[in-house]
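Engineer: This structure is in structure tokens; I'll ask about it shortly.
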């Protein structure tokens with residue numbers, strides 16, 4: 001799996017008590033995500049950090065006070081309210097009731113990469129603005145998906161999902177909250193047919209491997225931040241949906257050969273866990289791989 005990691009000095013800094021759920025220790029890249037669930041009101045002092053922290057309230061309605069840079073902000077906040085704590089500045093927080101928040105700690109290198117690839121300019125400035133108790137629909141949806149993955153058991157696609165969510169969030173923060181402003185570079189509407197053929201050939205040749213968006217973007221010679229949009233514009237589907245369609249077609253082709261066990265078919269189609277392969281196959285074909293194979297054999301009995 002081609003998962004890119006972004007070093008930073010203190011992304012694992014945690015509030016006390018320890019979070020109820022955390023991405024630390026999981027095979028995730030990008031944002032470090034912690035879910036805190038406080039049973040009462042409280043207060044906390046956050047030191048000047050080397051990374052930006054985005055917080056969204058996921059339960060409870062509280063009276064929240066933020067003290068930073070000699071200024072005090074107070075508001076009643078509920079589920080979906082977003083607060084951005086920029087790096088490099090100490091702050092104090094106080095709340096009066098129980099409730100839960102999701103913290104998303106953003107690696108500076110990821111934000112820098114997003115700014116450079118969006119603007120197509122090296123060393124593009126990234127300095128996020130303070131944001132207190134705001135509503136942002138895209139951030140809310142990304143945070144909800146992060147929370148859902150934290151609550152779910154680990155599964156083979158989780159690292160891909162966390163990576164995609166982190167990059168989407170980084171791009172949005174750079175465009176929406178960058179103090180220096182961002183002028184995105186105009187991109188072509190779609191991928192050239194030769195590039196699409198090259199992608200198809202790559203997928204066919206590496207079907208048994210783990211393939212992520214970065215690998216496909218590298219084949220297309222465009223940034224990961226633009227690849228997903230260009231691919232969807234060209235094909236009418238997401239790159240990951242296309243990849244899974246190709247994996248399912250390969251699995252069916254191998255089943256029709258009739259000489260391989262299902263476990264090996266799953267591996268050759270790019271699924272390391274047969275249970276996950278079975279789940280995805282049922283979603284696409286309306287039956288399990290075993291039932292599909294039995295139907296094939298009934299239609300074409302040996303001999």
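Engineer: Classify the range 21-177 as rounded, prolate or oblate, taking a ≥ b ≥ c as the square roots of the eigenvalues of its Cα gyration tensor: rounded when a/c is under 1.5, otherwise prolate if a/b is larger than b/c and oblate if not.
Structural biologist: Details: a/c = 1.91, a/b = 1.18, b/c = 1.62.
It comes out oblate by the Cα gyration axes.
Engineer: Could you tell me how far the Cα centroid of the range 65-85 sits from the Cα centroid of the range 108-179, in Å?
Structural biologist: Their Cα centres are 20 Å away from one another.
Engineer: Would you calculate the separation in nanometres between label points at residue 208 and residue 148, each defined as 7 Å from the Cα along the Cα-to-beta-carbon direction?
Structural biologist: Calculated label separation equals 3.4 nm.
Engineer: OK, next. Starting from the Cα of residue 256, step 7 Å along the direction of its Cβ; do the same at residue 92; then give the gap between the two resulting points in nm.
Structural biologist: Output for this residue pair reads 7.1 nm.
Engineer: Next question. What is the distance in Å between the Cα centroid of the range 24-50 and that of the range 249-303?
Structural biologist: Answer, in whole Å: 43.
Engineer: With springs only between Cα atoms under 10 Å, which of 106, 56, 240 fluctuates most in a Gaussian network model of the chain?
Structural biologist: 240
Engineer: If you don't mind, there's one more thing I want to ask. From the square roots a ≥ b ≥ c of the eigenvalues of the alpha-carbon gyration tensor of the range 189-303, which class results: rounded (a/c under 1.5), prolate (a/b over b/c), or oblate?
Structural biologist: Numbers: a/c = 2.40, a/b = 2.36, b/c = 1.02.
Here the range 189-303 falls in the prolate category.
Engineer: Using only Cα atoms and rounding to the nearest 10 degrees, what angle (0 to 90) does helix 239-257 make with the longest principal axis of the chain?
Structural biologist: Once rounded, one gets 30 degrees.
Engineer: Can you tell me the FRET efficiency between residue 285 and residue 79 if r is taken as the Cβ-Cβ distance and R0 is 41 Å, rounded to the nearest 0.05? Mind showing how you got there, number by number?
Structural biologist: Numbers: r = 38 Å, r/R0 = 0.93.
Once the sixth-power term is evaluated, E becomes 0.60.
Engineer: Sticking with this structure for a sec: Efficiency by 1/(1 + (r/R0)^6): what FRET value for residue 40 and residue 264, r their Cβ-Cβ distance, R0 = 51 Å, to the nearest 0.05? Can you show the working numbers first?
Structural biologist: Working: r = 55 Å, r/R0 = 1.08.
Efficiency, from the Cβ-Cβ distance: 0.40.
Engineer: Using mean Cβ contacts within 10 Å as the protection proxy, how do 222-230, 282-290 order, highest first? Don't jump to the answer; show the numbers that get you there.
Structural biologist: On the way: 222-230: 20.0, 282-290: 13.6.
Result, highest mean Cβ count within 10 Å first: 222-230, 282-290.
Engineer: In addition: Going by average Cβ density within 10 Å per residue, which order do the peptides 107-113, 267-273 take, highest to lowest? Before the final figure, lay out the partial values.
Structural biologist: Numbers: 107-113: 20.3, 267-273: 17.6.
Going by the mean number of other Cβ atoms within 10 Å, highest first, we get 107-113, 267-273.
Engineer: Moving to a separate point now. Mind giving me the FRET efficiency for residue 65 and residue 134? R0 is 22 Å, r the Cβ-Cβ distance, nearest 0.05 is fine. All intermediate terms of the calculation are to be shown ahead of the outcome.
Structural biologist: On the way: r = 16 Å, r/R0 = 0.72.
Efficiency, from the Cβ-Cβ distance: 0.90.
Read the figures in this text as sums done on the coordinates, not as results from a lab. Predicted, not measured: the structure shown is a model, and the values here were computed from it. Methodologically, a virtual Cβ is constructed for each residue, glycine included, from the backbone with ideal geometry; neighbour enumeration extends over all protein chains shown.
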